[in-house]
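Have a look at the structure below, then the notes.
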Amino acid sequence: MTDSIDFTIIEQGSHSNFTNKQERLLTDQSALQRVYDTINSTRKPGLPVPEIDFSKQQVAFITAGELSSGGYSVAIDSIVREEEQVVLYIGGESPESGDYVTTVLTSPFILVKFEKQSVPVVFKYSFNK
């Protein structure tokens, strides 16, 4: 049995300032603040940190890490409850050989919030390109 879980994008962009690819479940406001501290480390003004009710919601942070050009994105295709776990299906785009892209370092990311779950959350990739 699978059930789709609604989610809301909190933030999405091409410059997270995280150099390594990672997926993280954030469980409190201080963890969210630390992620925003890194995202905002090169932004003036910085992005505002949303207040999340972590007793009812949880936040997933996914970044592709540092990449050598533009043309990349990170997206959540769906969040699904499957048996005894919740799966975040991660999608996005990556440029193909010959695509015209900016020649600047990027670090695409997404932050989403969804209803707090009582089972483990796992991340699975399903890139489009």
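So which residues in segment 22-32 are loosely packed, with under 15 Cβ neighbours inside 10 Å and under 24 Å from residue 105 (Cα atoms)?
The one that is loosely packed, with under 15 Cβ neighbours inside 10 Å and under 24 Å from residue 105 (Cα atoms): 22.
For residue 89, state whether it is under 16 Å from residue 25 (Cα atoms) and within 15 Å of the chain's Cα centre (by Cα).
yes
For every residue, the table says whether it meets (1) more than 19 Å from residue 3 (Cα to Cα); (2) of a type in the set (Lys, Arg); (3) exposed (fewer than 15 other Cβ atoms within 10 Å of the Cβ); (4) more than 17 Å from the chain's Cα centre (by Cα).
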position: 42; (1), (2), (3), (4): yes, no, yes, yes
position: 46; (1), (2), (3), (4): yes, no, yes, yes
position: 55; (1), (2), (3), (4): yes, no, yes, yes
position: 60; (1), (2), (3), (4): no, no, no, no
position: 73; (1), (2), (3), (4): yes, no, no, no
position: 100; (1), (2), (3), (4): yes, no, yes, yes
position: 111; (1), (2), (3), (4): yes, no, no, no
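Give, as residue ranges, the strands (runs of 3 or more DSSP E) completely inside segment 21-129 that count at least 3 residues that are at pLDDT 95 or above, within 21 Å of residue 10 (Cβ to Cβ) and of a type in the set (Asp, Glu).
The strands (runs of 3 or more DSSP E) meeting that bar number zero.
Just for segment 25-60: of the residues that are polar (S, T, N, Q) and in contact with a strand residue (DSSP E or B) (Cβ under 8 Å, 6 or more places away or on another chain), which one is nearest to residue 87 (Cα to Cα)? Before you say what the answer is, go through the steps one by one.
We begin by selecting, within segment 25-60, every residue polar (S, T, N, Q); these are 27, 29-30, 33, 38, 40-42, 55, 57-58.
Next cut, in contact with a strand residue (DSSP E or B) (Cβ under 8 Å, 6 or more places away or on another chain) only: 27, 42, 57-58.
Numbers: 27: 17, 42: 32, 57: 16, 58: 14 Å.
Taking the candidates together, the pick is 58.
Here is a check on your reading of the model: is residue 19 in contact (Cβ under 8 Å) with a residue 40 or more places away in the chain, surrounded by fewer than 15 Cβ atoms within 10 Å (Cβ to Cβ) and over 30 Å from residue 4 (Cβ atoms)? Walk me through how you get there before you give the answer.
Details: in contact (Cβ under 8 Å) with a residue 40 or more places away in the chain: yes; surrounded by fewer than 15 Cβ atoms within 10 Å (Cβ to Cβ): yes; over 30 Å from residue 4 (Cβ atoms): yes.
Taking the combined requirement at face value, the residue satisfies it.
If I filter segment 7-54 down to residues being of a type in the set (S, T, N, Q) and in contact with a helix residue (DSSP H, G or I) (Cβ under 7 Å, 6 or more places away or on another chain), which single residue comes out as farthest from residue 71 (Cα to Cα)?
For segment 7-54, the residue satisfying everything is 17.
The values are calculated or read from the model by the stated rules, or taken from the named source; none is laboratory data. These numbers were taken from a predicted model, which means no experiment stands behind them. Using ideal geometry, Cβ is built from the backbone for each residue, glycine included, and neighbour counts are taken over all protein chains shown.
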